[in-house]
Amino acid sequence: MTAPATTARPPIWRDVRYLRVLFQAVVVAVVTGIGLWLWNNVQTNARTTGIPLTLGYLDQPSDITVPGNDLRPTQSVRDAIGVGLGNTVRVALAGIVLATVLGVLLGIARLSTNWLLSRLAQAYVEVLRNVPLLALVIFSYIAVFLRLPRLENATTVGSVFIASIRGVAIPWYRIEGSSLAVAAVIVLALAAGWLAARWRRRVNEATGQPAYRWTVGVATFAVVVVVAQIALGSPVSLSGPAVDGRRISGGITMLPEFAALLAALVTYTASHIAEIVRGSIQAVPKGQVEAASALALSPSQRMRLVVLPQAMRIAVPAIGNQYLNLTKNSSLAVAISYFELTKVTSVSIGNRAPAVPSFAVLLLLYLMLSLALSAVVNIANRRLELVER
Amino acid sequence: MASRATFRWLAGILALTLVLAACSDDDDASGEGSDTTDSTDPDDDTEITLVQQGSALEAVKDAGVLKCGTRDALPGFAVLNEDGDHIGFDADFCRVIAAAILGDAEAVDFVDLETEARFTALQSGEIDVLVRNTTWTAGRDGDEGATFLQPTFYDGQGMMVADDSEFESVEDMDGTSICVASGTTTEGNVATEFARLGITVNEVLSFADVALIQEAFIQGRCDGWSSDVSQLTGLRSEFPDGPDALRILPDVFSKEPLAPAVLDGNTDLAQAVNWAIFATVQAEEFGIDSTNVEEFLESEDPNVRKFLGVDEEGGTFDPGLGLPADFALQVISQVGNYAEIFEEHLAPLGLDRGINTLWSEGGMLYAPPYR
């Protein structure tokens, strides 16, 4: 006998839909309650010991000097953090570019049919993947960049190149007058070049004449820049480095701390990227390789036109993760006194900025950097995705 | 079916109970009554009674051990010997405080701290007192929530250069690079001092690890190494190429009173630490040291008798600091007086007493009267 079917609602204390909502509400309440209790705890402790939890310290003088930067000690902590953030971005960008190049090359080398090349690549990856990064950073600094000669014995190539323990210097541009004007000119020139390239592409589509997009675009850019340089009275000049007493003046100097950090980050992250690239190349179906061979593509064409594009689609999320790691690992600069964000925060805490708000600000800034970076990686990922109908 | 529904109900009720309990729990973590007002201005704490402020000192006595924040690798102040014991000037003052409060100089739990973690350890309660060659500054009294006590060592900041360099004083060092230890007052002081002299410092590099500073200095990354003169003397004595390879410039360019610190609000513990330190100074003034303290117990001088907590027919003098009546006796017999502590740890480094002598000899050490 079947039980009589009923359309009446169960009582509220047995109604699954109601209970589900109730339970979720209770969980939210518990989590919020714990969060509020912890926050209350922090506030009470801060009040009892008289430590402020405000951000007022940001406007106090920082007493920080940053090597390689004009920051004055009387400027605010906010400015110092800005300089640190700039340095972090500089290290992260340079590191990402170099690590990708090195990592992809290593990953491909690992799969090479040349026995020596693949074994060397394997040795590199196995060693560097398994070394703690902090040790690598300090080793890179002590064993490599602190061994550069003193300034009086520096390796110099005229006024073009100086390598010493105070830094590696090369010629660089110098702007007299408004750098905003120069930046505006550059943007204008880029726009002009891009428009010229677009015009050439339309000409090519309409008439079939060779487009020469790059040639015309770059030529337009150069013309605009030269004209502006003459018109504005040559604000941009080249300055070469020179030894000036105990320091290097002119040009641009790469500090040994920056170089050591960059070298360690790049070699370490490249070993991880190499493994990712190797895995993703091996994940490309063998049929693709065979089909490419059947089309009479050479091995390098095969890699460049068939395998790598498909491999990169698989590799991009993982490599994006390594980029995030690299950005956050740059905080190890604290160990070798490179003044990026974490080092500046650490120094400002030593100069009696309150620890809890300082680290909260630090975490937020790293979060912003990481979110920005992962947004860019997601754009790349989406463009590479297989579009299904 | 019924058991599953029952479980869900019980879980819901349990969660609700937790939330209610958490929301209504308003006590401050320090265990004091609600004498502190709701403003963040510490000056509003005027209504403090003796009973409620007994917490920090009582907590140390109840624990039976003093948690002392120190370090493990500064010659003269605090180093680890082969047996793992902490030896040094600061380490001995930890023992002085423990002998005063607990009657046992070895009842100390030494907590080795990195420079950056000094004040957070104090704020979090990981240590009771910080005795780690820390400079007493206004900012640390204020924002760091520390209360500094009687300085144990009046120091100054100096500059050390290679012996074969051409610098004779800090004024010659325009445009140079200086290495300092990170997380200290030294970092800010270098820029300030250079600005005061009208010269500029090219770079100030700060490292957490002394070994790294030494390496950078040896390789010529920086021209000068700046730190407290006492630290420089200790580091110079340990320099791998020998102390004569280095020269400490005669200029002393800031005041660095090194003092122990406790957390703000622990007045009783602060006073106990203060009087423990004063005991060492007063003992030197009386001429009492660890070798002759037994004879001084028979002294006719009423001040000495009060100081050592000798029983009189009317009772023993107890000023109400929360310390045992014979705390000075314990301090001197188990550790020593100020001169003994200095001679044992700092004199071998080549440090003179300098201004760290008694007021009667023209120095800075002056203990208030114990009566």
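Any read-out appearing in this document is the output of simple, stated calculations on the displayed coordinates, not a laboratory observation. Being a predicted model, the structure only gives us computed values, none of them experimental. A quick note on method: Cβ atoms are made from the backbone with ideal geometry, for glycine too, and the neighbour counts reach across all protein chains shown.
Sparse packing (at most 16 other Cβ atoms within 10 Å of the Cβ) combined with a DSSP loop state is found for the following chymotrypsin sites (Phe, Trp or Tyr not before Pro) in the range B:89-167: B:Phe167. Only beta bridges with both residues in the protein assembly as shown are counted; by DSSP, about 70 percent of them are antiparallel. Projecting the Cα atoms of A:Trp13, A:Asn321, A:Leu116 onto the charge dipole of chain A (Cβ charges, centred on the Cα centre) puts A:Trp13 farthest toward the positive pole. For the range B:250-292, what class follows from the C-alpha gyration tensor (a ≥ b ≥ c being the square roots of its eigenvalues): rounded when a/c is under 1.5, otherwise prolate if a/b is larger than b/c, else oblate? Oblate.
The P(r) of chain B has a tail past 41 Å containing 25 percent of all C-alpha pairs. So which residue, out of B:Thr176, B:Thr357, B:Thr186, gets the largest mean-square fluctuation from a GNM of chain B using Cα contacts under 10 Å as springs? Of B:Thr176, B:Thr357, B:Thr186, the Gaussian network model singles out B:Thr176 as fluctuating most.
Springs between Cα atoms under 10 Å define the GNM used for chain B, and in it the highest mean-square fluctuation of B:Gly322, B:Gly350, B:Gly158 occurs at B:Gly350.
Using the crude model of +1 on Lys and Arg Cβ and -1 on Asp and Glu Cβ, and no other charge, please compute the dipole size for chain A relative to its Cα centre, in debye to 20. All intermediate terms of the calculation are to be shown ahead of the outcome.
On the way: 33 positive and 16 negative charges, 186 e Å.
With only Lys, Arg, Asp and Glu charged at Cβ, the dipole is about 900 debye.
Among the helices of chain A, those built from whole DSSP H runs whose Cα atoms reach 15 Å or more along their own axis and whose mean Kyte-Doolittle hydropathy is at least -0.5 are A:16-49, A:77-110, A:115-129, A:179-207, A:213-231, A:256-282, A:308-329, A:355-384. Ranking A:Ser271, A:Gly158, A:Val225 by Cα position along the charge dipole of chain A, where only Lys, Arg, Asp and Glu carry charges on their C-beta atoms, puts A:Ser271 farthest toward the positive end. Shielding by partners for peptide A:226-236, expressed as the average number of C-beta atoms from other protein chains within 10 Å of each residue's C-beta, is 0.
Derived scalar couplings between HN and Hα for the range B:211-221 equal 4, 6, 4, 4, 4, 4, 5, 5, 6, x, 5 Hz in order, rounded to whole Hz, by the Karplus curve 6.51 cos²θ - 1.76 cosθ + 1.60 (θ = phi - 60°), x for Gly and Pro.
Packing order of peptides B:6-18, B:207-219, highest average first: B:207-219, B:6-18 (average count of other Cβ atoms within 10 Å over each peptide's residues).
Near B:Ser206, the amide H atoms lying under 5 Å from its own belong to B:Val180; only residues 5 or more places off or on other chains count, and H is placed 1.01 Å from N. Mean residue ellipticity at 222 nm, helices only, chain A: -21000 deg cm²/dmol; runs of at least 4 DSSP H residues each add -39,500 (n - 2.57), and the sum is divided by the number of residues.
The relative contact order of chain B comes to 19 percent, based on Cα pairs under 8 Å that sit 6 or more residues apart. Note on B:134-141: average number of Cβ atoms from other chains within 10 Å of each residue's Cβ is 1.
Between A:Ser164 and A:Ala169, the built amide H atoms are under 5 Å apart, and every one of these is 5 or more places off in sequence or on another chain.
Here the label points at B:Ile199 and B:Ile87, each 7 Å from Cα along the C-beta direction, are separated by 3.8 nm in the simple model.
Once both labels are positioned 7 Å from their Cα atoms along Cα-to-Cβ, the gap between A:Ser112 and A:Leu232 label points is 4.5 nm.
Direction-averaged projected area, Cα convex hull, the protein assembly as shown: 54.4 nm², rounded to one decimal. Evaluating 6.51 cos²θ - 1.76 cosθ + 1.60 at θ = phi - 60° for every residue in the range B:170-179, the Karplus couplings come out as 4, 5, 7, 9, 5, x, 9, 9, 10, 9 Hz, glycine and proline recorded as x. Using a cutoff of 8 angstrom between alpha carbon atoms and counting only pairs six or more residues apart, the relative contact order for the range B:155-256 works out to 49 percent.
Just need the relative contact order of chain A here, percent rounded to a whole number, with Cα pairs under 8 Å and 6+ apart.
Numbers: 438 pairs, mean separation 85.6, N = 389.
The normalised contact order for chain A reaches 22 percent.
Just name one of B:Asn356, A:Trp172, B:Gly315: the one whose Cα is farthest towards the positive end of the charge dipole of the protein assembly as shown (beta-carbon charges, Lys/Arg +1, Asp/Glu -1). Positive-end residue among those listed: A:Trp172.
From the P(r) of the range B:155-256, could you give the percentage of C-alpha pairs in the tail past 19 Å? Intermediate results must be reported in sequence, preceding the final value.
Numbers: 1667 of 5151 pairs.
Everything past 19 Å amounts to 32 percent.
Per residue of B:264-272, other chain Cβ atoms within 10 Å of the residue Cβ number 1 on average. Put simply, the amide H of A:Ile252, placed in the peptide plane, has neighbours under 5 Å in A:Ile170, A:Trp172, leaving out anything fewer than 5 places away on its chain.
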